[in-house]
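Take a look at the structure below.
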Amino acid sequence: MSEVVRISREGEVAIVEIDNPPVNATSQAVRRALLDAVQRAQSESETRAIVIAGAGRTFTAGGDISEFGKPPREPHLPDVINRIEESGKPIVVAWHGTALGGGCEIGLGAHKRIITKDGLIGLPEVKLGLLPGAGGTQRLPRLIGPVAALDLIATGRMVGAEEALRIGLVDAIAETDLRREAVALARSLIGQMQPRLSLQATPAAEPEAWQAMVDRVNREAKGRIAPLRAIELVSQSLTLAFGVAQANERRAFFELMSSDQSLALRHIFSAERETGKRPELSSARPRDISHIGIIGAGTMGSGIAVAFLDAGFRVTLVEADESALQAGVERVSGLYQRSIRSGRMDDATRVARLALLNPTTEMAKLAETGLVIEAVFEDMAIKLELMKQLGRLLPASTLVASNTSYLDLEQMADALPGPERFLGLHFFSPAHVMKLVEVVRARRTSPEAVATGLAIARKLKKIAVVTGVCEGFIGNRILAKFRAQCEFMLEEGALPREIDIAMEGFGLAMGPFAVQDLAGLDIAYARRKRLAATRTPDERDVPLVDRLVEEGRLGQKAGRGWYLYDNGKRSADPAVDAIIRMHAAGSGRPQRNFNAADIQNRIVAAMVNEGAKILGEGIAARAFEIDLVLVHGYGFPAWRGGPMHYADRVGLKNILSIAKTAAMRDGKGFEVAPLLEDLAQSQRRFADLDAN
Ligand code: T1G
Ligand code: NAD
């Protein structure tokens, strides 16, 4: 017997335990050993019931992702599960940690299911562009009904023990000792006929509830194919024999496995896990910090405070004066109130979190913290003054970070005694929700400070990407090129809604003009004013934002920006169209019609080209990090894998040719990245760089 599965015994109950760290993935060796163990227990006369359990921190995370995309090797999981289900001796699954994908499906093959109080169950395949491929789409509807099953399969969300009990996904929640209670449950089943889900009919769905769920899944799919296949397969559990539908499920699983969407989503999954691993930091020890300071409790400071409080940090929050402090504390409480109203948090948790918050106007209190993050106004003079003040107040070892979006971190580092302890921690708004943090390494930032930034991001359950210093770091720098193309297109005959519709069609959560209205046009305006001094006359520049802002069109908050807003409802504004048309006519640029593909290609090529510059300059170390920034910070569809992965798929030659056209058309507004040219000419991909 292989070591990945062990058998032990409690009297007449055999305990089959999967032990394949770190997450007990159902690799080929596990499947083989599990099958052997179950068959052995079947044949042993002293065994009268079986418990299947997992060793270590989790039952199993399901299929082994490192095997995905390779030819499947026997025994296949559906067959193993069918053998489990057919067992004449009762089989109980004992779930703890996470029972995901194949781990959930093993449990659906068993005859009873018991879970720990903090256990989680789910079929997350859809998040990897897949469907459950070992009977999940057929057994789950038979167990909990088609509506609830479609909900779980199409969203991939995990359910906790209580919900699982309520919807009938588990039979019991272990009170104290999962193993002992699972054995007792198995023992109680000895001698009885065991239920087999595959032989049961799926309970009929209430037609309205089913249709509502189907509509929801269709609406939320937004270009993803796997959720749509889920509708099809769960429907088949109502109409087709189990064996026929299971064969269809298996076929769909492999079709999806070789789809571009699954490849892209798996790329993002592995990028998320690789980004924090940086060979150059392997000898840097992150500091153990549990108390942090935040200066400025505005939009960002309050959100950052909540992110840290939620992760159990003590937070000292500093504001300029009492009234600003009070407003800041109200913002923090407001964020918690919202969580309570939406049912995501209970009051006791809110009280416990707020007990970790220490609001103050005394900067000196920051001396007790291990890291201070400044989130004051985006104004260099204020930030420089603050750095000097921190230099006087803080012990020399306290780390200092800035949340600036655009200001020069090197200049701030110059103002702080001990610049090696200084870094950027660029959170995204709303900071307690958005998963991304750019960890910015300035020239003198120590490896220890970067490693600490990464470790802290991990504690916040955020995705951290290390970036060097440049205007806008990785994300906003690419965004600027993206936005520039949008505005160039307005000058050449496109309208905001055409661009928004095209980009939503590409899979962006929201079109770029709608996003700018939401954020406020004044932000772009202020940045344009700041950069005006260094802008040269040969640089292509479209001053439409200036026109709009100067007319009071600040975006949604003013009821008008690129669009008109009536009670939050967006509509096109003929006055804006007229401004754009007039500007376009005066620009002397040839006017044309844009179709969705033209718009998408131009924008994506501009993003990829800038990404290639960022890589070429060493601002980002790996192409997948750029993908993570765009997916987690800017709504780029994960199922397209981020711009660099997408470019690899469509071919860098195509991207290069669009970039060259752009360079001819836009002059200094667009320069082809040498790295893009290089890779395209030598027929390599961005992924090849990452592999080296
Ligand atoms: N296969 C292989 N390795 C995996 C893995 C998996 N399924 N899941 C995690 N790992 C590795 C991961 O790369 C990392 O490695 C380490 O485990 C810790 O993960 C027929 C076939 C389980 C909730 O989609 O959602 O079943 O970086 O950092 O935050 O239907 O991992 O340390 O080298 O994420 O505690 C496949 C994916 C369904 C679940 C744990 N399963 N995993 O989160 O740790 S498809 C999934 C997760 C399927 C059948 C098919 C999470 C987690 P390293 P981590 P974590
Ligand atoms: P904000 O205007 O909402 O908040 C700034 C706060 O800082 C105010 O409450 C102000 O009272 C306080 N403050 C100013 N000077 C201070 C001082 N000397 N001591 C203590 N408090 C002081 O601004 P914001 O949007 O939260 O932005 C803060 C920083 O975060 C900026 O550098 C900005 O570029 C960056 N940022 C903003 C966003 C965003 O979407 N808003 C996103 C990422 C980063």
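If a residue must be open to solvent by 10 Å² or more (accessible area, probe 1.4 Å), touching a helix residue (DSSP H, G or I) at 6+ places or on another chain (Cβ under 8 Å) and within 16 Å of ligand 1 (Cβ to nearest atom), how many such residues does the stretch 32-42 contain?
1
Looking only at residues that are in contact with a helix residue (DSSP H, G or I) (Cβ under 6 Å, 6 or more places away or on another chain) and of a type in the set (A, V, I, L, M) in the stretch 505-543, which one is most open to solvent (accessible area, probe 1.4 Å)?
LEU518
Going through ALA442, ALA457, ALA449, ALA526 one at a time, which residue ends up being within 16 Å of ligand 1 (Cβ to nearest atom) and farther than 18 Å from ILE599 by Cβ?
Only one candidate qualifies: ALA457.
Could you tell me whether the stretch 587-605 includes any residue that is more than 22 Å from LEU265 (Cα to Cα), touching a strand residue (DSSP E or B) at 6+ places or on another chain (Cβ under 8 Å), part of a loop (DSSP other than H, G, I, E, B) and not acidic (Asp, Glu)?
So in the stretch 587-605, the residues more than 22 Å from LEU265 (Cα to Cα) come out as 587-599, 602.
Next, only the ones that are touching a strand residue (DSSP E or B) at 6+ places or on another chain (Cβ under 8 Å) stay: none.
Checking the stretch 587-605: not a single residue is more than 22 Å from LEU265 (Cα to Cα), touching a strand residue (DSSP E or B) at 6+ places or on another chain (Cβ under 8 Å), part of a loop (DSSP other than H, G, I, E, B) and not acidic (Asp, Glu).
If you check LEU281, LEU317, LEU325, LEU309, which single one turns out to be open to solvent by less than 30 Å² (accessible area, probe 1.4 Å), modelled with pLDDT under 95 and more than 30 Å from PRO132 (Cβ to Cβ)? Explain how you work it out, then say what you get.
Details: LEU317 fails: modelled with pLDDT under 95; LEU325 fails: modelled with pLDDT under 95; LEU309 fails: modelled with pLDDT under 95.
Exactly one of LEU281, LEU317, LEU325, LEU309 is open to solvent by less than 30 Å² (accessible area, probe 1.4 Å), modelled with pLDDT under 95 and more than 30 Å from PRO132 (Cβ to Cβ), namely LEU281.
Would you point out which residue out of ALA455, ALA415, ALA396, ALA431 is of a type in the set (Gly, Ala, Ser) and open to solvent by less than 10 Å² (accessible area, probe 1.4 Å)?
When all the criteria are applied, what remains is ALA431.
If you go through the stretch 609-663, how many residues are in a loop (DSSP other than H, G, I, E, B) and more than 25 Å from the chain's Cα centre (by Cα)?
Of the residues in that region, 2 qualify.
Does ARG166 fit the bill of being among the basic types (Lys, Arg), within 19 Å of GLY122 (Cβ to Cβ) and modelled with pLDDT of 95 or more?
yes
Looking at ILE294, ILE304 in this structure, which one is closer than 22 Å to ALA396 by Cβ, within 11 Å of ligand 2 (Cβ to nearest atom) and either surrounded by 17 or more Cβ atoms within 10 Å (Cβ to Cβ) or free of Cβ contacts under 8 Å to residues at least 40 places away in the same chain (or both)?
So the residue among ILE294, ILE304 that is closer than 22 Å to ALA396 by Cβ, within 11 Å of ligand 2 (Cβ to nearest atom) and either surrounded by 17 or more Cβ atoms within 10 Å (Cβ to Cβ) or free of Cβ contacts under 8 Å to residues at least 40 places away in the same chain (or both) is ILE294.
Tell me the residue from THR316, THR360, THR369 that is over 26 Å from LEU436 (Cα atoms), polar (S, T, N, Q) and either within 16 Å of ligand 1 (Cβ to nearest atom) or in contact (Cβ under 8 Å) with a residue 40 or more places away in the chain (or both), please.
Of THR316, THR360, THR369, the one residue that is over 26 Å from LEU436 (Cα atoms), polar (S, T, N, Q) and either within 16 Å of ligand 1 (Cβ to nearest atom) or in contact (Cβ under 8 Å) with a residue 40 or more places away in the chain (or both) is THR360.
When you check THR404 against the structure, is it at pLDDT 95 or above, open to solvent by less than 10 Å² (accessible area, probe 1.4 Å) and in contact with a strand residue (DSSP E or B) (Cβ under 8 Å, 6 or more places away or on another chain), yes or no?
The answer is yes for THR404.
Where in the stretch 43-157 are there strands (runs of 3 or more DSSP E), lying wholly inside it, with at least 1 residues that are out of contact with any helix residue (DSSP H, G or I) (no Cβ under 7 Å at 6 or more places or on another chain) and either within 15 Å of ligand 1 (Cβ to nearest atom) or under 29 Å from ALA264 (Cα atoms) (or both)?
Those strands (runs of 3 or more DSSP E) span 49-54, 98-100, 120-122.
Residue by residue through the stretch 667-692, note down the ones that are at pLDDT 95 or above, part of a helix (DSSP H, G or I) and among the charged types (D, E, K, R).
The answer is GLU677, ASP678, ASP688.
In this structure, is ALA209 open to solvent by less than 20 Å² (accessible area, probe 1.4 Å) and among the small types (Gly, Ala, Ser)?
Considered against the rule, which asks whether it is open to solvent by less than 20 Å² (accessible area, probe 1.4 Å) and among the small types (Gly, Ala, Ser), ALA209 comes out as no.
The values are calculated or read from the model by the stated rules, or taken from the named source; none is laboratory data. If you're wondering where the values come from, they're calculated on a predicted model, not measured in any experiment. Every residue, glycine among them, receives a Cβ derived from its backbone with ideal geometry; neighbour counts consider all protein chains shown. Calculation scope for accessible area: heavy atoms of the full protein, side chains included, ligands and nucleic acids excluded. Shrake-Rupley method; radii C 1.70, N 1.55, O 1.52, S 1.80 Å.
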